[in-house]
1. Mind counting the residues in segment C:367-379 that are within 26 Å of residue B:286 (Cβ to Cβ) and either touching a strand residue (DSSP E or B) at 6+ places or on another chain (Cβ under 8 Å) or buried (at least 22 other Cβ atoms within 10 Å of the Cβ) (or both)?
2. Could you grab me the full set of residues in segment A:26-48 that are under 17 Å from residue A:88 (Cα atoms) and surrounded by fewer than 16 Cβ atoms within 10 Å (Cβ to Cβ)?
3. Criterion first (under 22 Å from residue B:115 (Cα atoms) and away from every other protein chain (no Cβ under 12 Å)) does residue B:183 satisfy it?
4. Does segment B:414-449 hold any residues that are out of contact with any strand residue (DSSP E or B) (no Cβ under 8 Å at 6 or more places or on another chain) and surrounded by fewer than 19 Cβ atoms within 10 Å (Cβ to Cβ), and which are they?
5. Give me the helices (runs of 4 or more DSSP H) completely within segment A:291-409, filtered to those with at least 1 residues that are in contact with a strand residue (DSSP E or B) (Cβ under 9 Å, 6 or more places away or on another chain) and surrounded by fewer than 23 Cβ atoms within 10 Å (Cβ to Cβ), ordered by residue number.
6. Any chance segment A:117-129 includes a residue that's in contact with a helix residue (DSSP H, G or I) (Cβ under 6 Å, 6 or more places away or on another chain) and farther than 30 Å from residue A:303 by Cα?
7. Quick check on this structure: which one of A:136, A:149, A:178 is modelled with pLDDT under 95 and either within 20 Å of the chain's Cα centre (by Cα) or not assigned by TED's automatic domain parsing to the domain that holds residue A:364 (or both)?
8. Pick from segment B:105-125 the residues that are over 12 Å from residue B:153 (Cα atoms) and part of a strand (DSSP E or B): which of them is nearest to the other protein chains (Cβ to nearest Cβ)?
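The values are calculated or read from the model by the stated rules, or taken from the named source; none is laboratory data. Quick caveat, the model's predicted, so the values are computed rather than measured. Heads up, the Cβs are rebuilt from the backbone with ideal geometry, glycines too, and the neighbour counts pull from every protein chain shown.
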């Protein structure tokens, strides 16, 4: 029985077109038209509205369509460059909201890919992943603001130009934290690991709240504001080209491109890792630890490596996030954030890179676009007198949504919406086994 | 098939759970007030800079204490003198040329407040207040050809959502003024976006000093600030004869911030501060109460919100701790009475927003609100009404100046130059930074009946100019 | 009690009975030993630290000593909370080797059901007229039933279909179940008169028992324990005894132990494995529900998110005591409770307010978890005495 989790309607359409589109000319025409039409609609309707929301989602799904189609690689790349490199940034200058959504989706895509290394590749459940993200964010926030003066007396904030170096430092520090956490606990069974990482995530958050005394390091619950942004080295060049944009727009586009580049690098690194010796070792560990040891795979070292790699992506992204957001405080890094990243990985399919990116984009859109829209509709329905419980607001029930998503995905489609073949086999290995062992 | 079965079972379980818990209360009579109005006025961030604190102290000293005004007396006479905002708008609009009125086109005021979630009751009150103000202004201005539109936004009390909405608001050129937010943290996250396009934001509820102290020229508010609310609490404590205080806070930017302001003023007044302790514990306060009981303070100051204050207070009283209890406006909710009950004896709170019944000029508003929205106006909705009225006054002024549709910069300039006007919550002008001058602070003694929360006894009412540097 | 009736029959019978009695009551001894042990050790640490600090400020020593007995009582009450929740974790882990993440939520549901029962009784005007014992029994029975059935249902829906999947899969499902339960209860609570922060009404249990009074300066610091806390502790002890009896001295207990040891073999021996697993969840859930009712009663309020952190700490307690071991769970809970109470009450006194004790208590709990897992993964009571449930 084919069971598909609820999809956006476009995917259903996509399924119908699937067979037809794999044949060359139709595919090229379809993709080009798709790009053209959605881009045109976006640019002619820059005001935020339900219509633009829908077009925007369709536009993002274009990337999925490009990925799944069977056309020449060059054509795929060209289309993706046009869509993500030109149309979206240009649209961003018309409406800052949507490019912000795209940037956030990119940030989460990187985080989800990082977590995917730990959970998907190596099979280690990490419930405190956001802690590494927090470490990166606080790192840059402390060093780029007056906060550093409280920690080291006489120290002054590093200049904005250090930002790029700090992305690397964030990467390293994240990795070091990963090893620090991993070293003592990786000998343990998987489910202990889940609890310990959860505890670790909480500890980092509690420390962020409490380390304003005796020495003010994190500024406690007040959070850190006025975080430095990197210099806009390309602004004069853009101006010379005739783009007249204010600083705010420039930063938005700048961060968009930076996140896009990081997503691409992460994708590249993660997929290279996956097919390397290390990646195969992770798969072996995930599938059968004992057999992996018997084959001579250094278990702890490989697990540590997974932890460090995953954590370092979060650390680097934390630096970028803090700089983009200008202000961070501890609640940004709570357990629900870890959970939502985990549900992106699960939705997209454990271990599967394109799936995880799709999961990240879907959950982000769901969180900041789709749920508020539904809430708005429900509110007006409520005002019109329909019997909807007064207290029910979809935007406030993320836990319910993530929870249901986890349970249902685990029961019906543990391999995710874009499954990977190997994983599917692994997870459905036991499907023919009798579920019940009872004799009655 | 098995899986479908288990899906059905899942649904069944949820249903029966609903029935199990849901039917029980449903069977009970409807007398129970479903008070889901967590008056979480604030969240996020409060400045603790030396400068603000010093300024605070001065301002407090100069504050005129109207001492123990009984609520009934206060409602007796409407404030005369200053022109009301509505009169001002009418007078200004009258000076508009017909061509200018025709060139106005669409002008919109936006509101941002939580319309969903725990704080939806307060946030909806803000939206409704703005809506009412705009509706009434449109009726009054019908002859002049000016019509103002309204777009409400839901910030969900979350900084990221507020900032995303702000990007939307900024991208709509018709929006010339924003009334919002309920939570300071959300406002601070959204202000950079407003500020980049010089869009005026008037807050009906934010008490965090940073709103107007962060150098945003476009930030205004119609309520007081925590760096006075805390000290006014401390002065009150001294007045009622408290010698020693034990300060607790909830480790949030709001609670910790206001508690720190309280502490500084308490120390300045010579009260002994026995401890300054933070906790995010929500239920079991025994480990906090044991050292507290040993310290034996005259007063416990709790910088935080009512969901924590309620159980804390009850457990303290259960243990026989009979110290006075004082907190900021985070305690201002009937839920506190529900959670703490009789333990509320000897509890006071300071607030910047008294119930509508406290404002002599707001009687008509209260009636109109009830007529339009079926229910009494929650805290901050009258402030939202005033905020929207000030928005309109600035827009109309700017429109006359510009002789057509004003730019956001022009509205901002007009806002800064508005004279002292009388709204339904008081008469004030805006200071250089955007604070109301003067702002009013209230201290209430609680009563333990949730239904009677509106009738909490006003202990004192203090008018104070904003702190200056 | 049942056993006493048979005492006079046969020697063998008598021996067996004695054996049973010993296995049932021995944990009680162990528990008391650990309570005294933790109290003494932590008390000594406090005295030593206070002694060194009192050189600069003599008041520290006086205050530290004056609140010591009360802190111990606080610690014990807190410990019994973790202990009762930990029982449920350990039961399920013993049988399935699976962390039931949603157990904290089962505990929370218990609290909510108790609050609902109390609310109804109040609406009917019965709350003030009922004897307190009747009230406690009604609230406990309803709370335990609902929580137990709910735990059983979660197993049936979210865990059983995944029993043969890779370990990660049911664990994720359990986390999902935990989140779902939080928000489902929230939805129900906010649509009902109880509200998000629900008040747990109780009949008047009277004033706290004054145990002693310690002079500090001109004042006297009372040492007291509330009647609700006493009920909590007594009920927790009864639960431990009942559970021990059930597992060690009944046919059902034998079946549970068999399933825990080897599921396939137990199945061959004619044990209905699914039924036993369901029963394990029922019992564990009922215990969690009882803890929820007692805790809610003790604290006075409940909310839908209150179960998560105590759930985590109770798991820590179970690991601390040796997971899968019933007495271990109790012991771990007690030790953890003591530790938290000491950190929360003393840290800020000893550091002159630089570190807020109440905030660092959480860190203490999780640090303990990590330390235990590194140095003694088999827990305090060790492998040798581990009886798989």
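1. The total comes to 1.
2. If the condition is that a residue be under 17 Å from residue A:88 (Cα atoms) and surrounded by fewer than 16 Cβ atoms within 10 Å (Cβ to Cβ), then A:32, A:33, A:36, A:37, A:40, A:43, A:44, A:47 are the ones that fit.
3. Considered against the rule, which asks whether it is under 22 Å from residue B:115 (Cα atoms) and away from every other protein chain (no Cβ under 12 Å), residue B:183 comes out as no.
4. Listed by number, the residues that qualify are B:417, B:432, B:448, B:449.
5. Details: elements: A:299-325, A:335-348, A:353-365, A:371-383.
By residue number, A:371-383.
6. No, segment A:117-129 has no match at all.
7. Of the residues listed, the single one that is modelled with pLDDT under 95 and either within 20 Å of the chain's Cα centre (by Cα) or not assigned by TED's automatic domain parsing to the domain that holds residue A:364 (or both) is A:178.
8. Per the criteria, the residue is B:108.
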